[in-house]
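Working notes for the structure below.
The values are calculated or read from the model by the stated rules, or taken from the named source; none is laboratory data. Values in this document were obtained by computation on a predicted structure and should not be read as measured data. Methodologically, a virtual Cβ is constructed for each residue, glycine included, from the backbone with ideal geometry; neighbour enumeration extends over all protein chains shown.
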Amino acid sequence: SEASLITLTTKKIITKVVLFFTFLLSYSNKLKMSNANKNKMIMCDRLQKMTHFNKHEIEQLFDKFQCMCKLTIKDKPGKMDRLMFRDFIQNDFNMTDDILMDRVFKAYDLDNDSYISVEEWIKGLSVTLKGGLEEKIKHVFDVYDLNADGYISREEMFQMLKQCLVKQPTEEDPDEGIKDLVELALKKLDLDHDSKLSFKDFHDSISEEPLLLEAFGPCLPDEKCSTHFLAMVESPQRSKHI
């Protein structure tokens, strides 16, 4: 009948429309994946020139970052917030000091938008895991300069040492012991005797005695954590389990 013919024709049209939009969606997804892979390759090439990582390591770090950021907030897709970063450095680098973890986050957050992009993350890891002494001195100074005024003040030293030192049960006034440590640090590191540490003071002192690099608290992964993390990144087999 005529009605049946119209119904059949309508169904065919609907089927064709559905197939067409399915094709468009599939093509769009493939295009997005292609663009994403292209952008990843461009970024890897750029970071290879700017960091101490090779292409394979950068690709593994990129994949790890993407995996960690799957549950990121909607308005900042593919970025790491402060809480996620703290979880990362606690679990992978065994850092626990609240003040210093916050400052390490700030040091990684190069554009100061309160989030860490994959590029910022890889650049930060390049310094903390593979950087030379000069890079690490700059990084650690920025972490210790709590108010970012270009100096490590007496008060900042006291605050950091108080956080990282364990109070002994026999101590009546632990603050006095910390004040003594601050004075010792100033005596050793304050080369121009102005009661605060400039970057030059810190740089020149640590260049002479590198063991004093983390004098006010740990803000770099220790050797064991660094070795373990790098082994996972460098090995094609183990990197799958990062």
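List of remarks:
- Condition met for L133 (among the aliphatic types (A, V, I, L, M) and either in contact with a Phe, Trp or Tyr (Cβ under 9 Å, 6 or more places away or on another chain) or more than 24 Å from L189 (Cα to Cα) (or both)): no
- Scan of segment 102-133 for residues that are closer than 19 Å to G150 by Cα and either in contact with a strand residue (DSSP E or B) (Cβ under 7 Å, 6 or more places away or on another chain) or not charged (D, E, K, R) (or both), ordered by number: V104, F105, A107, Y108, D109, L110, N112
- Remark: pairs (first residue in segment 57-72, at pLDDT 90 or above and part of a helix (DSSP H, G or I); second residue surrounded by 20 or more Cβ atoms within 10 Å (Cβ to Cβ) and of a type in the set (F, W, Y); Cβ separation under 6 Å; 6+ apart in sequence or on different chains) = F65/W121.
- Of residues in segment 214-228 being surrounded by 19 or more Cβ atoms within 10 Å (Cβ to Cβ) and of a type outside the set (G, A, S), the one farthest from the chain's Cα centre (by Cα): F216
- Filtering segment 199-209 to residues that are more than 14 Å from K187 (Cβ to Cβ) and out of contact with any helix residue (DSSP H, G or I) (no Cβ under 6 Å at 6 or more places or on another chain) leaves K200, D204, S207, E208.
- Residues in segment 195-218 that are part of a loop (DSSP other than H, G, I, E, B) and touching a strand residue (DSSP E or B) at 6+ places or on another chain (Cβ under 9 Å): S195, F216.
- Verdict on Q163 being within 22 Å of K106 (Cβ to Cβ) and either over 24 Å from the mean Cα position of the chain (by Cα) or at pLDDT below 95 (or both): yes
- Annotation: of all residues in segment 190-212 being of a type in the set (A, V, I, L, M, F, W, C) and crowded, with 20+ Cβ neighbours inside 10 Å, the one that is nearest to K179 (Cα to Cα) is L197.
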